[in-house]
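Rule-based calculations on the coordinates, nothing more; no lab input. Note that the structure is a prediction, hence the values are computed from the model and not measured. Neighbour counts run over all protein chains shown; Cβ positions are idealised from the backbone, glycine included.
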């Protein structure tokens, strides 16, 4: 069986200068296709393997792990990553994958 999910992340490409009154530009939205038909989602190992693929796609989609110590950069990445992962997990709609993700992320979806 062939299963595909899109992982979509949105991040701000630039930051506003301090004191600027202009509105922030709309976030850039991109997505990556994650194929998971080869993974057995009836096992914890399968859940773990899928989350690993989704995690890698979300990190890439959100511009990679920030190498800056700037808190704003980190917070934008974190929001993008969390939104991408939550969206992908909800789209898959598999109870065991959702439960495994919630345990690992330390938060509930929805």
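Each residue in segment 69-90 was checked for being more than 12 Å from the chain's Cα centre (by Cα) and surrounded by fewer than 14 Cβ atoms within 10 Å (Cβ to Cβ), and 6 pass. Among the residues of segment 53-64, those identified as without any contact (Cβ under 8 Å) to a residue 40 or more places away in the chain and surrounded by 11 or more Cβ atoms within 10 Å (Cβ to Cβ) are 53, 55, 56, 59, 60.
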